[in-house]
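The structure under discussion appears below in the form of structure tokens.
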Amino acid sequence: MIKFPNFILFTLILCLYTFSCSSKKPIDIEYEYKQAYLRSKLFEEKFGVTQSPFETEYIDYIVGRLLNHEEISSLKINYKIKLLNTERKIALSPGLGIVLLSKGLVKNLPNEASFAFIAAHEMAHGFLGHTSSLGTELANNVKFRKKIELEADEWAAGVVALAGYDPRISVETLALSHSGKKSENDKFYPNFPTRLSLINKQIIDSGWMPPGTINRRAFRLFQDRL
């Protein structure tokens, strides 16, 4: 774990709270959980979810490490990451606390820091209240969708840094997400230079200094078992 000077830690936490307060709207929790369950079920039934005890234990470690700060975990969201049994590259947040990542995506990641950033980015959508817009007209609003993606990027970069990972890996992870075949959904995402600039600015402004975790043997074992 990286030990941050108090003023640096405060800066990062303040950033997290600013985005949380500016993005969250009053929501019906019971309704949100029901909708999140139904959205998740659609993907689970289509691709299947298979997780061994080892995979579950590893994922629980990552989630616990990302949320190992009272200020971040204060909303008591019960985050649960599920692995979809498909080679397609999928990462999404159906709703409050549920995160779906595909085995095909995880197997193609270069290191644990990349996995942590992607997990944090999807968790951010729940923490910041973005998933409450699913099923509304905002879901197809290009400007709004780009805005929440940038908020999730910034929140995730701060969280991985607080968790002791190297936040510079976030940039590499975004580069991977913008490579490859283009799709219709690309219009909902900010371009790579915009996302790159935002994360690099946060890293500089936070005063973060290396070292930070990039990879661990546990991640390689995790990948090998998928």
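Readers should treat all values here as calculations from the given coordinates under stated rules, not as data from a laboratory. For clarity, every value in this text was computed on a predicted model and none was experimentally measured. As a convention, Cβ positions derive from the backbone with ideal geometry for all residues, glycine included, and neighbour counts pool all protein chains shown.
Spin-label model, residue 49/residue 147: points 7 Å from Cα along the beta carbon direction are separated by 3.1 nm.
Remark on region 76-226: hydrodynamic radius 15.9 angstrom, per the Kirkwood mean of 1/r across alpha carbon pairs.
Radius of gyration over Kirkwood radius for region 133-221, both on Cα atoms: the Rg/Rh ratio is 1.03. Each of residue 31 and residue 178 was given a label point 7 Å from its Cα along the Cα-to-Cβ line. The distance between the two points is 3.7 nm.
Between residue 217 and residue 191, the modelled labels are 4.5 nm apart [label points 7 Å from Cα along Cα→Cβ]. Phi angles across region 120-133 convert, under the Karplus curve 6.51 cos²θ - 1.76 cosθ + 1.60 with θ = phi - 60°, into 3J(HN,Hα) values of 5, 4, 5, 5, 4, 4, x, 4, 8, x, 5, 5, 5, 7 Hz, Gly and Pro given as x.
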